[in-house]
Amino acid sequence: GENVEQHPSTLSVQEGDSAVIKCTYSDSASNYFPWYKQELGKRPQLIIDIRSNVGEKKDQRIAVTLNKTAKHFSLHITETQPEDSAVYFCAAENFGNEKLTFGTGTRLTIIP
Amino acid sequence: GAVVSQHPSWVICKSGTSVKIECRSLDFQATTMFWYRQFPKQSLMLMATSNEGSKATYEQGVEKDKFLINHASLTLSTLTVTSAHPEDSSFYICSARMSRAEAFFGQGTRLTVV
C-alpha cells in the first residue's frame, strides 16, 4: 500500500518568513495530493490540493509543488501569519482506491 | 464547503459498555465515508472505509467485531465501539466524500473509557 513520509515534524518560523513542508510517497500510481490544516481542537480542513497532471498550484500565500519522478510534493506558505500556526497533514491517493493515506503531520508555529 | 456533522463530540463511558458515534453529511450524498483514529500529536490513522449499503473495509490490525461500522444511507455512517476498554480511549474522526472529490471531516469525537 501507500506510505507517506512528512518532514519536519515541527517547524517554527518568524512571522513574515516562509515555511516549507515536504512529503514523499511510495506508490507511483498515486495521483491526488491534498494538504490539510488542523487547528487545535478542530477538524482537518483542506487548504490546497494538486493532481498528478499538474506540477505546481498556487492559492494566494499557499503553493504546492509536485515532482512525480522523485515522488515528492511540498507545501509552501509565504508571508506567514500567526493564524497559520496549526498542524499540517499531507496525503496521497490513487483515485482508483478511494483511500487517502496521511503523512505524520507537521506542527507549524509562527513566532510573532 | 460541504458540512459533515459528527455526534457526539465527546463521550465518557464505563469499561465493557458500547458507544455509538454518528457521522452525517448534511448537504451532499457521500459515496464513501472513512473512520480515523487520532492519538495525541499524531497523524490520522485510517480504521475503515465504508460505502453505502455494503460492508466496511477494515485496515489491517483493526478488529471488525470491536469497531462495528454501518453505512445505512448516503448521508449516514455509524461507528460502534463495542465492549470498550480504556485503551480504546482516543479521538475518532470521520470524513465523507463524493467519488474523486474533496474529503470533508467531521468535528471528531473524544472517547474516554473509565
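What to note about this one:
- Ordering A:PRO8, B:ILE69, A:LEU66 by Cα displacement along the dipole of the protein assembly as shown toward the positive end leaves B:ILE69 in first place; charges were set at the Cβ atoms of Lys, Arg (+1) and Asp, Glu (-1).
- Interchain or long-range residues, amide H under 5 Å from B:GLN107's placed H: B:GLN6
- Chains A and B together, accessible area buried on both sides, 1.4 angstrom probe, square angstrom: 1700 Å²
- For A:SER85, the residues 5 or more places off, or on other chains, whose built amide H falls under 5 Å of its own are A:ILE110.
- Hits among lysines - C-alpha to C-alpha of A:LYS37 under 25 Å, sequence gap 8 or more where chains match: A:LYS22, A:LYS57, A:LYS58, A:LYS68, A:LYS71, A:LYS99, B:LYS41
- Cα centroid of the stretch B:38-114 to Cα centroid of the stretch A:61-112, whole Å: 23 Å
- Whichever lysines have a C-alpha closer than 16 Å to that of B:LYS20, once near sequence neighbours (fewer than 8 apart) are set aside: B:LYS64, B:LYS66
- Overall shape of chain B was characterised from the C-alpha gyration tensor. The equivalent ellipsoid obtained from it has semi-axes of 22, 14, 13 Å, in decreasing order.
- Over chain A, the alpha carbon radius of gyration divided by the compact-protein estimate 2.2 N^0.38 Å works out to 1.01.
- In order along the stretch A:11-16, the phi-based Karplus estimate (6.51 cos²θ - 1.76 cosθ + 1.60, θ = phi - 60°) of 3J(HN,Hα) comes to 8, 10, 9, 5, 3, x Hz; Gly and Pro are listed as x.
- In the elastic network of chain B, a GNM with C-alpha springs shorter than 10 Å, the most mobile of B:ALA84, B:ALA101, B:ALA30 is B:ALA101.
- Here the 3J(HN,Hα) profile of the stretch A:50-57, calculated from phi with Karplus coefficients 6.51, -1.76 and 1.60 at θ = phi - 60°, is 9, 10, 5, 8, 10, x, 7, 9 Hz, Gly and Pro shown as x.
- Vicinal HN-Hα couplings computed from phi for the stretch A:59-69 (Karplus, 6.51 cos²θ - 1.76 cosθ + 1.60; Hz; Gly/Pro x): 9, 6, 8, 10, 9, 10, 10, 10, 10, 5, 5
- Length-normalised contact order for the stretch B:28-114 - Cα pairs under 8 Å, 6+ apart - percent: 30 percent
The values are calculated or read from the model by the stated rules, or taken from the named source; none is laboratory data. All values derive from a computational prediction rather than experimental measurement. Positions of Cβ are generated from backbone atoms using ideal geometry, with glycine treated the same way; all protein chains shown enter the neighbour counts. Surface areas here come from the heavy atoms of the whole protein model, side chains and all, with no ligands, DNA or RNA. Shrake-Rupley method; radii C 1.70, N 1.55, O 1.52, S 1.80 Å.
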